[in-house]
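The values are calculated or read from the model by the stated rules, or taken from the named source; none is laboratory data. Keep in mind that this is a model prediction, so the values were computed, not measured. As a convention, Cβ positions derive from the backbone with ideal geometry for all residues, glycine included, and neighbour counts pool all protein chains shown.
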Amino acid sequence: MTDVASVAVVPRGHRDTDLILAGCFEREAPGVEGVAPEVRAALERLAARGGWTGRDDQMAQTEIPGGPVVSLLGLGERKDFSFQRLSRWIGRAS
């Protein structure tokens with residue numbers, strides 16, 4: 001039997017979840033506009049980790065005490081982003 005992940009895409013600021021996924025292009029800061037302050041802080045901490053560049057297939061994760069897990073996934077170079085890469089990113093994230 002195969003396990004199937006349930007993924008719901010919700011607007012920024014939605015807080016009733018177990019996992020928050022964010023993507024970040026290489027050498028760019030993650031977009032944090034409109035997210036809750038504790039999620040913003042978690043994403044900024046993840047992006048500030050030594051060695052983090054946002055390269056394709058890079059991932060960092062943390063947990064907000066009493067809240068969701070926050071995952072930051074590298075998307076690679078913005079100029080190389082495509083629908084295929086987005087599909088692969090969604091697959092890795094789920």
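Close Cβ contacts (under 9 Å, 6 or more residues apart or on different chains) running from residues in the stretch 68-94 that are outside any helix (DSSP H, G or I) and acidic (D, E) to residues that are at pLDDT 90 or above and exposed (fewer than 15 other Cβ atoms within 10 Å of the Cβ) comprise E77/R27. The single condition among (1) at pLDDT below 95; (2) within 11 Å of the chain's Cα centre (by Cα) that A47 does not meet is (1). If a residue has to be surrounded by 12 or more Cβ atoms within 10 Å (Cβ to Cβ), at pLDDT below 90 and among the acidic types (D, E) to count, how many in the stretch 56-94 make the cut? The number of residues fulfilling the criteria is 1.
Looking across the stretch 35-55, just one residue is in a helix (DSSP H, G or I), basic (K, R) and surrounded by 15 or more Cβ atoms within 10 Å (Cβ to Cβ), and that is R40. Restricted to the stretch 16-34, and to residues there that are surrounded by fewer than 17 Cβ atoms within 10 Å (Cβ to Cβ) and touching a Ser or Thr at 6+ places or on another chain (Cβ under 8 Å), the residue that is nearest to P68 (Cα to Cα) is L19.
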